[in-house]
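The values are calculated or read from the model by the stated rules, or taken from the named source; none is laboratory data. Note that this is a predicted model, so its numbers are computed, not measured. Note: ideal-geometry Cβ built from the backbone for every residue, glycine included; neighbour counts use all protein chains shown.
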Amino acid sequence: MIYPQYVTEQPSAPSALYVVGDVHGHRTELAGALHNAGLTGEGGEWAGGDAQLWFLGDLVDRGPDGLGVLDLVMSLHSQADGQVELLLGNHEILLLGMHRWGETEISLSTGSASFARSWLRNGGQLGDLHGVEETHLAWLRERPLAAVVADRLLVHSDTLSYLAYGDTIEEITKTVHDVLNGDDAGAWWDIWRRLTTRFAFRGEDGPAHAATLLGALGGQRIVHGHSPVPDQLGILPEDAPVSFEYCEGLVTNVDSGLCQGGPVPLLRLS
Ligand SMILES: [Mn+2]
């Protein structure tokens, strides 16, 4: 006779799943929120047990200590490997591009561009650039572009442009990594430009766009950062919620506008 309780595991409750939207250099606020959520201990060490913590990109730029945020996330990743992960945002691409290409003029069909000009215009911080080390850059170059966790598709940008790089998350990530490990400045620039596009899930075409991305990459619902909720709702950042669900419930925006004065974009999804 078989006693099922001894030979099969009970289906375990899904472990806690947290996502973090755009932190943009606000290390102190992030550290406080992680501690308040019980994900880190008194010394800032990982204390989240088997919880999963996904950063949706844009750790750096605009705010005072992007490198500190990056160090914190890298440290948590190494302590809780597989449970703490970062998706590349357009500002990680911008920092990598600024470091790699700087003032190099990049020829485009529409004229020319440089990472230096875009970096300055988009909140690049000298302290981050001067302090960044090869260990940071190498780690960033290995981060995924998207993930499906439980039934959620996690991405940085509210855009369909990911699909320009492949039909699956693995393919998209590999294509982008190949560019980041190569010398094609125009291809580097295209990643930055494409990840900077936004608003795909707003308006009457939003649900169809969401279905397209979910159909290609998996998941039942999309969670993204990149486009501040206070702007989306036309409210003051200090009045903004941590997240905003829209697009007929298919999409959750977790960019609470921390760098404008909004709350820390830490959201527990399950
Ligand atoms: Mn962004």
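Picking from Ala138, Ala113, Ala185, which residue would you name as being surrounded by fewer than 14 Cβ atoms within 10 Å (Cβ to Cβ), away from the ligand (no atom under 15 Å from the Cβ) and among the aliphatic types (A, V, I, L, M)?
Ala138
Taking Asp205, is it among the charged types (D, E, K, R), within 16 Å of the ligand (Cβ to nearest atom), modelled with pLDDT of 95 or more and loosely packed, with under 15 Cβ neighbours inside 10 Å?
So Asp205 fails the test.
Only one residue in Gly25, Gly57, Gly63, Gly41 is away from the ligand (no atom under 16 Å from the Cβ) and either of a type outside the set (Lys, Arg) or in contact with a Phe, Trp or Tyr (Cβ under 7 Å, 6 or more places away or on another chain) (or both), so which one is that?
The conditions single out Gly41.
Would you pick out the residues in the range 224-270 that are within 14 Å of the ligand (Cβ to nearest atom) and closer than 15 Å to His156 by Cα?
If the condition is that a residue be within 14 Å of the ligand (Cβ to nearest atom) and closer than 15 Å to His156 by Cα, then His224, Gly225, His226, Ser227, Pro228, Val229, Asn253, Val254, Asp255, Ser256, Gly257, Pro265 are the ones that fit.
Being within 29 Å of Ile169 (Cα to Cα) and either in contact with a Cys (Cβ under 6 Å, 6 or more places away or on another chain) or of a type in the set (S, T, N, Q) (or both) is the filter here, so list the residues in the range 108-143 that pass it.
Ser109, Ser114, Ser118, Asn122, Thr135
Looking at the range 78-110, which of the residues that are aliphatic (A, V, I, L, M) and within 16 Å of the ligand (Cβ to nearest atom) is farthest from the chain's Cα centre (by Cα)?
Met98
Output the residues belonging to the range 37-64 that are surrounded by fewer than 22 Cβ atoms within 10 Å (Cβ to Cβ), under 21 Å from Ser118 (Cβ atoms) and out of contact with any Cys (no Cβ under 7 Å at 6 or more places or on another chain).
Of everything in the range 37-64, just one residue is surrounded by fewer than 22 Cβ atoms within 10 Å (Cβ to Cβ), under 21 Å from Ser118 (Cβ atoms) and out of contact with any Cys (no Cβ under 7 Å at 6 or more places or on another chain), namely Pro64.
Might you let me know whether the range 53-64 holds any residue that is of a type in the set (D, E, K, R) and free of Cβ contacts under 8 Å to residues at least 60 places away in the same chain?
Within the range 53-64 (the criterion being of a type in the set (D, E, K, R) and free of Cβ contacts under 8 Å to residues at least 60 places away in the same chain), the answer is no, since none of the residues qualifies.
If we scan the range 150-172, do we find a residue that is among the small types (Gly, Ala, Ser) and under 16 Å from Asn253 (Cα atoms)?
yes
Every residue in the range 74-86 that is among the hydrophobic types (A, V, I, L, M, F, W, C) and either under 19 Å from Ser15 (Cβ atoms) or crowded, with 24+ Cβ neighbours inside 10 Å (or both), please.
Leu76, Ala80, Val84, Leu86 - these are the residues of the range 74-86 that are among the hydrophobic types (A, V, I, L, M, F, W, C) and either under 19 Å from Ser15 (Cβ atoms) or crowded, with 24+ Cβ neighbours inside 10 Å (or both).
For a quick check of your reading: which strands (runs of 3 or more DSSP E) sit entirely within the range 151-258 and have at least 2 residues that are touching a Phe, Trp or Tyr at 6+ places or on another chain (Cβ under 9 Å) and touching a residue at least 40 places away in the same chain (Cβ under 8 Å)?
Filter on the range 151-258 gives 152-155, 221-224, 251-253.
If we scan the range 209-232, do we find a residue that is touching a Ser or Thr at 6+ places or on another chain (Cβ under 9 Å), surrounded by fewer than 16 Cβ atoms within 10 Å (Cβ to Cβ) and of a type outside the set (Gly, Ala, Ser)?
No, every residue in the range 209-232 fails to be touching a Ser or Thr at 6+ places or on another chain (Cβ under 9 Å), surrounded by fewer than 16 Cβ atoms within 10 Å (Cβ to Cβ) and of a type outside the set (Gly, Ala, Ser).
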